[in-house]
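What follows is a single structure, written as structure tokens, with notes after it.
Laboratory data are not the source of any read-out in this text; all were calculated from the coordinates shown. All figures in this text were calculated on a predicted structure; none of them were measured in a lab. In this analysis, Cβ positions are derived from the backbone assuming ideal geometry, glycine residues included, and neighbour counts consider all displayed protein chains.
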Amino acid sequence: MANVYRLDRCDHCGKLLVPRTLEQNDKYHAVCQDIADQLDWPLGCGQKRTVNVWKQLISAAFERTQGRHTEMYPAIDGHGVDVVYWSSARRGKKSMSELIEFATAFAVEHEVKLQDMDLSHASTAQG
């Protein structure tokens, strides 16, 4: 299988995921980078967040749209809480396409100028 990110199994059902492509990976990272470069969070407060923080925020919001929820646990070192979410690294091709579309819609809604508006290579091949 050329040009794929990795094989993996669904955490929920164990089914082999059709691996996402490197193009999907690149597109998602590019959209999140554009968001990180142009928006602050919370919106309007002047606080820039890293691309990794934005990927976590977008992934968690996307999970809620799918009826799944992030989980919060007491921190193992006893200081505060930690949020556990389903990382984008574990997504198959179809889920990654949906996440890219979700991130792109968020960006457009918040007037983020995207460097690459061509989603055809990232979202059309849903295995």
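Show me the ranking of peptides 35-42, 69-76, 97-104 by mean Cβ neighbours inside 10 Å, starting with the highest.
On the way: 35-42: 15.4, 69-76: 10.4, 97-104: 21.8.
Highest to lowest by the protection proxy: 97-104, 35-42, 69-76.
Using 0.36 nm per residue, how much length does the chain from residue 71 to residue 111 gain when fully extended, once their Cα-Cα distance is taken away? Spell out each step's value before the answer.
Numbers: separation 40, 0.36 × 40 = 14.40 nm, distance 3.00 nm.
This chain segment gains 11.4 nm when fully extended.
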